[in-house]
1. Count, please, the residues in the range 64-93 that happen to be surrounded by 14 or more Cβ atoms within 10 Å (Cβ to Cβ), over 16 Å from the mean Cα position of the chain (by Cα) and in a loop (DSSP other than H, G, I, E, B).
2. In the range 146-184, what count of residues is obtained for those that are closer than 15 Å to Leu237 by Cβ and either outside any helix (DSSP H, G or I) or open to solvent by 10 Å² or more (accessible area, probe 1.4 Å) (or both)?
3. Can you pull out the residues in the range 331-349 that are out of contact with any strand residue (DSSP E or B) (no Cβ under 7 Å at 6 or more places or on another chain), open to solvent by 20 Å² or more (accessible area, probe 1.4 Å) and at pLDDT 95 or above?
4. Is it the case that the range 326-349 has a residue that's over 21 Å from Glu267 (Cα atoms), assigned to a loop (DSSP other than H, G, I, E, B) and hydroxyl-bearing (Ser, Thr, Tyr)?
5. Residues of the range 204-237 being under 27 Å from the mean Cα position of the chain (by Cα), modelled with pLDDT under 70 and open to solvent by less than 40 Å² (accessible area, probe 1.4 Å), which ones?
6. Can you find, within the range 354-392, the residue that is nearest to Gly271 (Cα to Cα) among those that are in a helix (DSSP H, G or I) and open to solvent by less than 30 Å² (accessible area, probe 1.4 Å)?
7. Looking at the range 115-136 only, could you name the residues that are part of a loop (DSSP other than H, G, I, E, B), under 30 Å from Phe461 (Cα atoms) and in contact with a helix residue (DSSP H, G or I) (Cβ under 7 Å, 6 or more places away or on another chain)?
8. Restricting to the range 260-310, give me the number of residues that are among the hydroxyl-bearing types (Ser, Thr, Tyr) and over 24 Å from Glu351 (Cα atoms).
Amino acid sequence: MLIIVANATTTLEPGPQPERRFRGESRCPPRWHRTVRGVAVNAAAKQPQDRSILLVTHHFAPETGAPQRRWGALTEHLVTAGFPMTVLTPPPHYPSGKITHSSPSYLPGSVQTGTHGEKIIRVNFREHSHGLGSRAADQTVAAISSVLYGIRPAAGRPAVVIATVPGIPSVVAGWALARWHRARFVVEMRDAWPDLIQPSGILLRRDRPGGLRRRLRDLVARVVHRTVTRLQTRADLVVTTTAAFAEILRARGVRNVAVVRNGTAFEPVRGNAPVRLAGRPLRVVYAGTVGRSQGLDVAVRAAALVQERGHALDVRIVGHGNELEPLRRLAAELGAPVRVEPSVPSTQVRELYAWADTVVVSLRDWEPFEWTVPSKLYEVMASGVLASASLAGEAANLVTLNGAGAVVRPGDVEGLADLWCGWLSDGVVPAASADAVAWVAEHASDGVLGHRYAELLAALFPSPVPDAPLDRGARV
């Protein structure tokens, strides 16, 4: 298109030099903008923006769990907000390690349309056991396959690539695909990775101190830590789920960090009023993932100690994970009043909470967990049931400041037993504050978090330049 402007001076003015050229931006040198009477006109900004997203994730629907629920809610909001999505994910195989749905639409290489209009491309995976090494191998296979499928035409040409952790290999896959497509790169850290590698013992278990295998695994742990940190610093945006971990990353030189908490759509199961025990046992529930991170042996040991002190209580641990059988054996060994049960559908979780006098939220005494807020905490706060929180750091502060429950130090069996004995002696369990429900509605509801994510992604694109009125002497 030719524009002739009468009585106007046309000049070339230097603009800001971007760090790198992204797909879809003008092929003209981006550091020059044509100006008419000093009004800059960026031709690229006038073109419709490509806001398509490629999500690399190891967990997605129809699996159930915190990562799956998070991205189910976010996908619905982002697609509605004008961000077309393609998802690279393995077939549903969580938590068993084997495909849980036999339909051909879930097999590797299949392409289907999800519930919210997203395109889902299933990548290869490796069947795994409950061992950490076996699961890491599965995540690595899925990450490599994601790259191979992500460069094919079916994946399109995304403007943004989002890699979400866990698992860690997804970050490397996301970075490679962002480079291939010349797209913005977003890293989402749901937990305090890579800092959890050391305390969790993912690469260090069952080896003799000082042995060759131990030294090799320690070397791998350091390399993984440095690699993830380096990719975080190279990302256009890093999303964390807590303010505390965001500050840790900023201190390491990560330049663009934002917080989008885990969310919940859970509704209160009761009003905010004390629960009178009237001589019956205290009812305690935990419902969720039963793994090493949760440290639920503390609840089992505390229950046994409460019983030894002459009090009656009924503890139910309901969920799935590697520690289900070890907890069942521990409860039997101690004679603890604890029932360890398999997971139930989300609709039945409401029934569990309505039955309970208090709900356990627990993490181990690992330093990175001071920067972590378990997604389960938001659910419990929204339920209106008092939390028995074995937490530290930001999560403990949320409970205390919003009156959501009582806090004991992680790993403190005596402290948790004293808490429950106190309620049993008083014959009443205190009410959770209404502030807890209100805080979740304001800061951790699905709608609020989806809107926040959409704002962050929109900020990665150039702002459209409004049309400037032409001079009266101008002719086209």
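The values are calculated or read from the model by the stated rules, or taken from the named source; none is laboratory data. If you're wondering where the values come from, they're calculated on a predicted model, not measured in any experiment. Here Cβ is always computed from backbone atoms with ideal geometry, including for glycine, and neighbour counts include all displayed protein chains. Accessible surface is based on the protein model in full, side chains and every heavy atom, while ligands, DNA and RNA are left aside. Shrake-Rupley method; radii C 1.70, N 1.55, O 1.52, S 1.80 Å.
1. Matching residues across the range 64-93 total 7.
2. Kept after step one, since they are closer than 15 Å to Leu237 by Cβ, are these residues of the range 146-184: 158-165, 171, 174-175, 178, 183-184.
Applying the additional criterion that residues be either outside any helix (DSSP H, G or I) or open to solvent by 10 Å² or more (accessible area, probe 1.4 Å) (or both) yields 158-165, 175, 183-184.
Number of matching residues: 11.
3. If the condition is that a residue be out of contact with any strand residue (DSSP E or B) (no Cβ under 7 Å at 6 or more places or on another chain), open to solvent by 20 Å² or more (accessible area, probe 1.4 Å) and at pLDDT 95 or above, then Ala332, Glu333, Leu334, Gly335 are the ones that fit.
4. In the first step, residues of the range 326-349 are kept if they are over 21 Å from Glu267 (Cα atoms); the result is 326-342.
Subsequent filtering for residues that are assigned to a loop (DSSP other than H, G, I, E, B) retains 335-337.
So of that shortlist, the ones also hydroxyl-bearing (Ser, Thr, Tyr) come out as none.
Checked against the condition, which is being over 21 Å from Glu267 (Cα atoms), assigned to a loop (DSSP other than H, G, I, E, B) and hydroxyl-bearing (Ser, Thr, Tyr), the range 326-349 yields no hits at all.
5. Result: Leu204, single match.
6. First, pick out the residues of the range 354-392 that are in a helix (DSSP H, G or I): 354-355, 367-371, 375-383.
This time we only want the ones that are open to solvent by less than 30 Å² (accessible area, probe 1.4 Å), so: 368-369, 377-378, 380-383.
On the way: Pro368: 34, Phe369: 31, Leu377: 18, Tyr378: 17, Val380: 13, Met381: 12, Ala382: 11, Ser383: 9 Å.
Filtering the range 354-392 for residues that are in a helix (DSSP H, G or I) and open to solvent by less than 30 Å² (accessible area, probe 1.4 Å), the one nearest to Gly271 (Cα to Cα) comes out as Ser383.
7. We begin by selecting, within the range 115-136, every residue part of a loop (DSSP other than H, G, I, E, B); these are 115-118, 123-131.
Next, from what is left, pick out any that are under 30 Å from Phe461 (Cα atoms): 115-118, 123.
Within the range 115-136, His116, Gly117, Glu118, Val123 qualify.
8. Initial filter on the range 260-310 (among the hydroxyl-bearing types (Ser, Thr, Tyr)): 264, 286, 289, 293.
Now narrow it down to the ones that are over 24 Å from Glu351 (Cα atoms): 293.
Count: 1.
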